[in-house]
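The values are calculated or read from the model by the stated rules, or taken from the named source; none is laboratory data. Here the structure is a predicted model, which is why all the values come from computation and not from measurement. Cβ: placed from backbone, ideal geometry, glycine included. Neighbour counts: every protein chain shown.
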Amino acid sequence: MSKSSIIQARVSLQDWFWRALFRSAVIPLLVIEISFLTVFWFSGRLSYDTNINTVQEISHSYLEDIATREATTISETLRGVTNMTSIFALQTRTALQTEATPTAAERSRYGFDKNGAFRTMRDNGTTASYFSGVVPIDDAALAKVWRTQQLDPLMADIKNSNPLVSQVYFNTFDSYNRIYPYFDTSTYPARMNIPSFNFYFEADSAHNPKRKSVWTDAYIDPAGQGWMVSSIAPVYIGNRLEGVVGIDVTIRSIVDHLLATDLPWNAYAMLIGRDGTIIAIQPSGEKDLGVQELTDHRYAKAISKNTFKPGQFNLLKREDTRALGKAVFDKGRGYVHIKLGGTERIAAFAQVDGPAWHLIVVGNETNINQTADNLRAQYTRATVIMLVILVLFYLGYFAFLYVRSRRMSHVVAQPLEQLSGVVETMTRGGKDPEFSGSQVEEIDRFGMHLMDVHRKLSAAEARSQAQEKLVAAALEKEREANETQRRFMRVMSHEIRTPLAVIDSSAQILERRASSLEPTGVVERARKMRRSTGRIAGLLTRLVRLLDIDSGKGKAPMVAVDLGKLIVEVCNEFKATGVDRAFNVFAEPDLIVLADTELMRLTLIAVLENAEKYSPPEKPIDVRVERKQFNAIITVTDYGSGIAEEDKPHIFERFYRGANATGTTGSGIGLHLASVFATTNRGEIRVADGEDGGTCVFLRFRLAGASRKSKRPEDKRTEEVTE
């Protein structure tokens, strides 16, 4: 092989420059740009997948948490109705075993109608009665009517104590019905066989062998109240089922309760019974399922047999919801993905304890994923724009290099060298690269474009880091909210469990020993149960007002309040509820302030309860209200162990309990509530040590139209708390 044959062919400077430039600069640059686009594309996709997974995980957990919390709320609400049903059943059994003689006025309300039924003919503000006559009505049957008259006050109290309750009734095995409120019983069908209705037989021994309070499925009420569910309980004397008591809750009241629930992402809630039938559903859910909630019923004729909701309201009988219904009853709690009306949905569900119902919260997956989808669209648009720009740029750039390569050859080396350094810096992720420019406009423009790409990448990275910080902050806030909620639930569970235990214990004693207890024993246990109920009701009332104030809805009109009279009223209420405590009350007359009366009362109750808890039973509590210049000062002094110095800075914090709280029931929010309520009434509260031990709580409120002249000493008075 000759020497000349191994010498590479000579090319022109233009060709050599073009080939060299193409091999050493253009191709690597293309690879870098394509790699950048590829990385950008996959990072965008990865970011979208991460965002969508995070959003779905958080949203699904949040919906499940909402379903659980709302199911718990409904459980607690219905548990109150269930407990009242059990008490009603016990009192009914007692009434059936107690002789009673009706008054002449009461007898005059009753009579036999043309169908042979014995019923009430007019309203006296109490109950209505109806003996259908399906069995002979003898003297023993009439005695049952007069004995159950003793239940009228209890039935009225049950109806008026709970806004969910629509009516209260007692049905017997021989088709006698006593119901409150009163209504015209002539609308009942002639010779109605009451034990054939579900609100009776679902409590008999075959359906309810444990003899406890149970809930019925949704049905049409024969008494004219429309669609409803009932809490029923059997009444046995020995082993004989004498009848069934019931408390009715209308479907409309349950729907109204669900409508008060504010759900995110345009989600809606529905409540289903133990057989899969929808008991109540929010209006937005009706469109999804193609149903219209049955809250009312037009009574064209008397209801003589059970009437339940149609099959289209049963999740287990519908093709589009069968999988959802099966998951709800198999798991009890969780969430599933379903498709309703051609749209992907997420359905979170939880069981309502007691009636074995389930609450389902259905959200739209599209709404939940909207933020992540928007981000993905922005990434896609940016990638396409960059790709189009790069393609157009390189087509023109290649043509220009080919035509002008000869003229550029002597000035290309230096700027290319500098551009290589720029690319290398970008590739390694070093500090900001520098480009001083070139005599060739195209290369200079290319360099500037490359720097602009770098700046955009840096800005995109900064935005990505900022987004990560926002997501991390949101997750931390969610964690803190969950922790606060768990702490609240633990505290409230402890606070409510104690009075519930007292109620349960008293109820068990009444149940087992009702016939052997003396009247004083029954009264004492009833008082214990009322005190415990009052304690729970008071706590819930204060918590509701606190939540209203926190949400900005707690403001009420300011009215004139006589602090002296209010102090005496509150202390008397403490004595009336059985608190074995002496209160020494000293109050100047006519100390009038402008305040929210309810909040002022709750403030005083919170302070007095705190003093009562931490003061020995034999020690009195001193309460003073007096004028000081333009203010009314309320002083509550107890003679307990006092407050430790290290606890004083924290006593007005929510859920804080000091070292002296060991062995004392409480939630740690009493003084916090007093502080919030006092501030809302434009007052101040502070705490100091008492002169003879214990603790002094001072409340200061501005007097309405206060005079600079103080009251005369002889105008002051000391009021003793009445028993």
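Observations on the structure shown:
- Output for region 345-364, where each listed residue is under 17 Å from the mean Cα position of the chain (by Cα) and not in a strand (DSSP E or B): 353
- Qualifying residue in region 521-533 (condition: modelled with pLDDT of 65 or more, small (Gly, Ala, Ser), more than 27 Å from residue 68 (Cβ to Cβ) and not in a helix (DSSP H, G or I)): no
- When residue 367 is tested against the conditions (1) farther than 30 Å from residue 438 by Cβ; (2) at pLDDT 80 or above, the lone failure is (2).
- Residue selected from region 461-473 under the condition free of Cβ contacts under 8 Å to residues at least 60 places away in the same chain and small (Gly, Ala, Ser), by the criterion farthest from residue 393 (Cα to Cα): 473
- Within region 501-520, considering residues that are within 21 Å of residue 580 (Cα to Cα) and surrounded by 15 or more Cβ atoms within 10 Å (Cβ to Cβ), the one modelled with the lowest pLDDT: 502
- Extreme residue, surrounded by the most Cβ atoms within 10 Å (Cβ to Cβ), among residues of region 128-175 that are among the β-branched types (Val, Ile, Thr) and in a strand (DSSP E or B): 168
- Taken over region 176-194, residues that are at pLDDT below 90 and surrounded by 16 or more Cβ atoms within 10 Å (Cβ to Cβ) amount to 5.
- Unique match (being at pLDDT 70 or above, among the basic types (Lys, Arg) and part of a helix (DSSP H, G or I)) among 407, 455: 455
- Cross-chain or 6+ apart pairs with Cβ under 7 Å, region 121-141 first and under 19 Å from residue 166 (Cα atoms), then in a loop (DSSP other than H, G, I, E, B) and among the aliphatic types (A, V, I, L, M): 130/117
- Count of region 324-350 residues, restricted to those that are under 20 Å from residue 368 (Cα atoms), crowded, with 18+ Cβ neighbours inside 10 Å and out of contact with any helix residue (DSSP H, G or I) (no Cβ under 7 Å at 6 or more places or on another chain), is 1.
- All of 111, 125, 116 fail the test of being part of a strand (DSSP E or B) and surrounded by fewer than 16 Cβ atoms within 10 Å (Cβ to Cβ), apart from 111.
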